[in-house]
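*Asks:* Have a look at this one.
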Amino acid sequence: MRHGKKTNHLSRKTAHRSALLSNMACSLIEHKRINTTLAKAKALRKYVEPLITKSKEDTTHNRRVVFRYLKNKDASSVLFRDVAPKISDRPGGYTRIIKLNNRLGDNAEMAMIELVDFNELLIKDQSKKKKTRRRGGKKATSEVQKPKENIEAIEDAVIIEESSESINSEKEASEKTKKDESPKSETKTPEEKDDSKTTDPPKEG
């Protein structure tokens with residue numbers, strides 16, 4: 001009975017289990033993703049993530065600690081040289097486990113374990129989505145605002161033209177009225193002329 005025992009021994013003795021996990025950790029660091037059983041993937045995640053955290057600080061002591069677990073110079077150098085710069089900003093959660101179809105022979109649960117920052121497809125999709133969201137919102141607002149400004153400018157122009165035409169028409173009308181009134185005042189009708197000639201004679205005293 002496994003009352004309160006959290007470690008999965010993977011049906012192996014301690015030496016065999018540690019050799020298995022160190023070998024799988026080296027393969028994960030070199031190839032960035034491996035396929036294995038779900039139980040082994042969960043055990044490997046607990047084994048390799050503390051080593052990746054150690055690689056964030058490139059010191060001699062940390063290199064020796066990591067090498068004691070991996071037992072492989074190439075894997076430890078790749079971890080400090082290539083993996084550490086990419087995961088420097090991530091506070092844990094360096095691996096991802098994705099369940100696969102069961103194995104045909106014994107129907108065991110299979111899974112793929114990979115380093116999160118080295119999945120280029122997901123990184124590209126996230127960057128594209130962010131860009132389109134930000135740019136799309138700005139474009140939509142600018143496009144909506146531009147036609148309104150143009151419409152307002154056109155309306156103002158029409159109003160100005162109408163007002164100028166009305167002013168010109170009023171000026172022309174006033175000029176016509178002045179011309180019509182000026183000849184009437186200067187020229188006198190023949191009846192008026194006769195009246196001016198026939199004046200009353202002076203009264204004799």
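*Asks:* Just rank 113, 97, 34, fewest to most, by other beta-carbon atoms within 10 angstrom. Walk me through the intermediate numbers first.
*Replies:* Numbers: 113 21, 97 14, 34 17.
Final ranking by Cβ density, sparse to dense: 97, 34, 113.
*Asks:* Put a dot 7 Å past each Cα toward the Cβ at residue 61 and residue 27; how far apart are the dots in nm?
*Replies:* 3.4
*Asks:* Separate question: Of the cross-linked pairs 5/56; 5/86; 40/73; 54/99; 71/99, which ones have a Cα-Cα span greater than 26 Å in the structure shown?
*Replies:* Values: 5/56 31 Å; 5/86 35 Å; 40/73 23 Å; 54/99 28 Å; 71/99 29 Å.
In this structure, 5/56; 5/86; 54/99; 71/99 exceed 26 Å between Cα atoms.
*Asks:* Points 7 angstrom from Cα along the Cβ direction at residue 12 and residue 103: gap in nanometres?
*Replies:* 1.2
*Asks:* Sticking with this one: Each residue of the stretch 46-57 in turn: what ³J(HN,Hα) in whole Hz from Karplus with 6.51, -1.76, 1.60 and θ = phi - 60°, glycine and Pro shown as x?
*Replies:* Once rounded to whole Hz, the list reads 5, 7, 8, 5, x, 5, 5, 5, 4, 6, 5, 9.
No lab work stands behind these numbers, since they all come straight from the coordinates. Keep in mind it's a predicted model, so treat the numbers as computed, not measured. Reconstructed Cβ throughout: ideal geometry from the backbone, glycine too, with neighbour counts over all protein chains shown.
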